[in-house]
Each structure stands twice: as C-alpha cells, then as structure tokens.
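As structure tokens, the structure follows; a few thoughts come after it.
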Amino acid sequence: DKKIIIAIDGFSSTGKSTLAKELAKHLGYVYVDTGAMYRAVAYFAMQNGYIGKEFFDIESLVNSLPYIKLVFQFNPDLGFSEMYLNETNVEQEIRTLEVSNFVSKVAEIPEVRSKLVEQQQEMGKSKGIVMDGRDIGTVVFPEAELKIFMNASAHTRAQRRFKELKEKGDTVSSFEDVLKNIEERDYIDTHREDSPLLKAKDALEFDNSNISKQEQFEKVLKLIVI
Ligand code: C5P
C-alpha cells in the first residue's frame with residue numbers, strides 16, 4: 001500500500017483546509033494544518049506581550065521559541081485534530097481576527113519558520129499525510145507526490161471568512177475588516193524574504209471562486225493515483 005504526501009498551498013481562505021480534511025478522511029491519511037502552528041505562535045506572542053498594535057519584540061519571541069510546544073491531538077468526537085500550545089487546547093483562540101492580524105508578521109521570522117518546518121517534516125516522515133499551508137510544496141516537502149495550489153478572488157475569500165467568523169459568534173468584525181485582513185496577509189505572505197507564498201512549478205492550480213467544494217474534491221481525487 002503506497003502512501004504519498006499531498007501538499008496544498010495557496011492564499012488565505014481559499015478552502016485549503018476543507019479540501020485537505022476531506023482528502024485525509026477519504027484516504028485514511030493524517031491532516032496537518034500548518035497555519036494553526038503559525039497562529040499558535042502568534043497567540044503565544046500576544047499572550048506574553050511580545051506583539052501588539054504598535055510593537056513587536058521579535059528578540060523575546062525568538063528567545064522563547066524553545067519553550068513553545070505545539071501538538072496536534074486527534075479529537076474523535078470532531079473527527080479531526082486540535083491544536084495544543086504547551087498542553088492547552090487553543091483551537092478557538094487561534095481562529096480570531098486578532099490573531100489573523102498578527103500571524104503573518106510572526107510567520108516572517110526565519111527562526112519561527114525553521115522551527116515549524118522541522119516539526120512538519122518530522123510529521124511527514126512516514127507519508128500518508130495531507131498538509132496545507134503556504135510553503136508546503138516549495139519548502140517543507142519539495143518532493144511531495146501531489147501538489148495543489150489553490151486560489152480564489154479576494155472578495156470571494158473574504159465572504160467565506162466573514163461567514164465563518166459570524167458562525168463562530170464574532171459580532172464585532174465587519175466585512176471590510178475581514179477583507180482588509182485578507183489583503184494584508186496576501187501581501188505579507190507573498191513578499192516576505194523567507195519562503196514567500198508561491199506556486200511550486202509542479203503544482204496544479206485551482207481557482208475555486210466559481211466551483212463548489214464537492215466539484216473540487218472530485219476533481220482532485222481523480223488526480224490521485226496510488
Ligand atoms: O492557513 P492560515 O490562513 O490559517 O495561516 C495563517 C497565516 O500563517 C498565513 O497568513 C501565513 O502568514 C502563515 N503561514 C505560513 N506558512 C504556512 C502556513 C501559514 O507562513 N505554511
């Protein structure tokens with residue numbers, strides 16, 4: 001039974017995690033949401049007062065990296081894994097717009113990236129994994145057997161994200177706030193020096209502005225020859 005690595009990269013809120021979760025479930029693979037890891041580090045920086053609206057103490061964050069322990073723990077009731085930061089479940093906390101506003105600045109730091117990339121490569125050692133993020137096909141697993149690059153218009157993505165936040169009970173963020181955050185993250189993620197978001201040469205690109213989740217899932221499934 002040959003197991004492969006599936007790398008899914010792309011802009012924010014393009015439905016990477018929905019697709020990745022469905023593929024993992026269908027194939028009996030492990031799903032890893034690398035954005036959750038960057039979000040957990042950003043949350044840690046916020047909790048410790050290292051990052052805020054007008055300041056960022058990069059040095060203190062970098063010095064604290066050895067004390068940041070990230071673990072994905074499978075929750076059988078939900079059918080997927082949740083993010084634990086130093087033994088605490090932070091799955092809810094890391095999904096707020098506040099964390100989204102800081103995460104790309106944290107993800108620019110090379111020391112943060114190398115720590116997380118190392119852990120991600122370790123998780124993929126025995127293959128049978130679907131990983132989503134920004135640099136999976138380019139940096140984490142350049143040898144992945146299947147690489148997908150997802151895109152959709154910023155407006156479509158902001159609509160999806162806004163709906164999700166409302167469903168989670170966010171009553172303060174406006175559609176404009178969400179759109180602005182998406183555009184800012186797109187900019188930082190594509191312009192940073194270390195591992196910028198870009199499509200790997202051998203990645204297959206999908207624009208899902210106009211196709212349903214189901215159509216997309218079926219299209220991708222056809223690409224998997226194991
Ligand atoms: O995937 P998600 O939108 O949750 O990721 C949050 C942020 O984490 C991204 O905007 C990006 O700045 C960063 N990230 C990254 N590399 C990854 C995954 C996420 O830089 N592999």
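The values are calculated or read from the model by the stated rules, or taken from the named source; none is laboratory data. It should be emphasised that the depicted structure is a prediction, and the values quoted were computed from it without experimental measurement. Neighbour counts run over all protein chains shown; Cβ positions are idealised from the backbone, glycine included.
Computed quantities for the displayed model
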{"read-out": "Tally of residues being in a helix (DSSP H, G or I) and within 16 Å of the ligand (Cβ to nearest atom) across the stretch 63-108", "value": "14"}
{"read-out": "Test: residue in the stretch 20-30 that is of a type in the set (A, V, I, L, M, F, W, C), within 15 Å of the ligand (Cβ to nearest atom) and buried (at least 22 other Cβ atoms within 10 Å of the Cβ)", "value": "yes"}
{"read-out": "Qualifying positions in the stretch 140-183 - in a loop (DSSP other than H, G, I, E, B), surrounded by 15 or more Cβ atoms within 10 Å (Cβ to Cβ) and either modelled with pLDDT under 95 or polar (S, T, N, Q) (or both)", "value": "Ala152, Asp170, Ser173"}
{"read-out": "Residue pairs meeting the criteria (Cβ under 6 Å; at least 6 apart or on separate chains; first within 18 Å of Leu23 (Cα to Cα), in the stretch 59-85; second part of a strand (DSSP E or B) and among the acidic types (Asp, Glu))", "value": "Asn75/Glu82"}
{"read-out": "Qualifying residue in the stretch 50-69 (condition: closer than 30 Å to Ile4 by Cα and crowded, with 17+ Cβ neighbours inside 10 Å)", "value": "yes"}
{"read-out": "Unique match (being touching a strand residue (DSSP E or B) at 6+ places or on another chain (Cβ under 9 Å) and under 22 Å from Gln92 (Cβ atoms)) among Gly133, Gly169", "value": "Gly133"}
{"read-out": "When residues of the stretch 122-139 are limited to those that are away from the ligand (no atom under 13 Å from the Cβ) and out of contact with any Leu (no Cβ under 6 Å at 6 or more places or on another chain), the one modelled with the lowest pLDDT", "value": "Ser126"}
{"read-out": "Matching residues, the stretch 1-30, being part of a loop (DSSP other than H, G, I, E, B), touching a Phe, Trp or Tyr at 6+ places or on another chain (Cβ under 9 Å) and of a type in the set (Ser, Thr, Tyr)", "value": "Thr14"}
